[in-house]
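Peer 1: Would you mind keeping the following structure in view while I ask a few things?
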Amino acid sequence: MRSNEYEWAVFIRLRSISLLNDGEERSLMRSQYTQLMAGLAEMGHINVDLLRTFYELAQLKSYTACSKKMNMSQPAISNRMKRLEELVRFPLFIDRNPHKGLTEQAQILFSITQRIMTEFDQIGRMIDTESTRKTRIGVLPAIEFFFGPELLWKLDAPGQVSKFEMLADSEEKLLSEMAAGRLEIAVVCTRIGVQPNSMFVKKCALNWIAGHGFDTNALAPEADVPVVIWNGSVSRGPSAVEILDRNNRKHRVVFETSAISSYFEAIQLGYGVGFTVDAFLSSNRNPYSVKVVDDLLPDLGAIELHVLRSPTAPPASRKLSQRLASVFDGGV
């Protein structure tokens, strides 16, 4: 569908709703609103949340500012922009940098999106707040890093009306937010037992990994094992250093970082060994080429991946939690 045809199709649908009188039945408005969302999804499969994120980022010209305004992590915003670029088939920002401005084609998309967002804001004020209530979803930073695009693809599926916002934080923080009623769904990993409110669980192995050029002689029984440390949070449980200590293996920390991308880059470059979940090693998720060295180091055991749903979450969140679980079910 050409851009002008797309624009007319969108506005015919928008006008059929925005011109309704305030006295119209709210049930009719919800029905029309649902039809509109489904219609937009059919027109090129472009989800409105992708357009809204693009609209905000284009104005703010900063991932940091957009992240704060939309209460989303920067990787989540970046993933949405990649998804939108795949759908429209042209780059959105000059040199992929929002600060440098929009490409020529993206300027046309922004003009259309600006009008769409104005109409949607008007519609949003005319319907019940419950119908536009956002489901808050929390994930671990590592989950977002490896599975972010798939999670968003599932949540932004065509015809999906429920709105959501995603945040990334430690397992402890996510569980605390859920207990306080401020989080409806969480995706966490654990090695310390049963998780309450779990509606899906998948057991995954933990693997020691190293770069392909890493000299495995450095892992000989009497050698000091060079270890790369990530100070982020995958799960509560023993660290690599603690596992080596328990097994009386000598070791030394050669690189330490709080950035998960730097952690895997250091391992790939051969600085030392680290460990990860076997699910993260899948070629369609992991951009880093590494090798497994489990046979040379102590057993790491396994980890359980859980999708949690708060017992006080609204019914609409059940479908979202099932969509999240489908990312890991069978593919992990």
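The values are calculated or read from the model by the stated rules, or taken from the named source; none is laboratory data. Since the structure is predicted, the reported quantities are computational estimates derived from the model, not experimental observations. Note: ideal-geometry Cβ built from the backbone for every residue, glycine included; neighbour counts use all protein chains shown.
Peer 1: Restricting to region 71-111, count the residues that are under 15 Å from Thr53 (Cα atoms) and touching a Leu at 6+ places or on another chain (Cβ under 9 Å).
Peer 2: 20
Peer 1: Could you check how many residues of region 290-332 are in contact (Cβ under 8 Å) with a residue 60 or more places away in the chain and acidic (Asp, Glu)?
Peer 2: Residues meeting the conditions: 3.
Peer 1: Sticking with this structure for a sec: For Glu144, all conditions in the list (1) under 19 Å from His306 (Cβ atoms); (2) assigned to a loop (DSSP other than H, G, I, E, B); (3) at pLDDT below 85 hold save one; what is the number of the exception?
Peer 2: The number of the failed condition is (2).
Peer 1: Which condition number in (1) farther than 26 Å from Pro149 by Cα; (2) of a type in the set (Ser, Thr, Tyr); (3) within 20 Å of the chain's Cα centre (by Cα) is the one that Ser310 fails?
Peer 2: Evaluating Ser310 over (1) farther than 26 Å from Pro149 by Cα; (2) of a type in the set (Ser, Thr, Tyr); (3) within 20 Å of the chain's Cα centre (by Cα) leaves (1) as the failure.
Peer 1: Scan region 183-205 and tell me whether some residue there is at pLDDT below 90, charged (D, E, K, R) and not in a loop (DSSP other than H, G, I, E, B).
Peer 2: The answer is yes; a qualifying residue exists.
Peer 1: Okay, moving on. Is there a residue in region 174-186 that is among the basic types (Lys, Arg) and surrounded by 14 or more Cβ atoms within 10 Å (Cβ to Cβ)?
Peer 2: We begin by selecting, within region 174-186, every residue among the basic types (Lys, Arg); these are 182.
Then drop every residue that is not surrounded by 14 or more Cβ atoms within 10 Å (Cβ to Cβ), which leaves none.
No: region 174-186 contains no residue that is among the basic types (Lys, Arg) and surrounded by 14 or more Cβ atoms within 10 Å (Cβ to Cβ).
Peer 1: In region 57-77, what count of residues is obtained for those that are without any contact (Cβ under 8 Å) to a residue 24 or more places away in the chain, surrounded by fewer than 19 Cβ atoms within 10 Å (Cβ to Cβ) and closer than 20 Å to Lys134 by Cα?
Peer 2: Matching residues across region 57-77 total 3.
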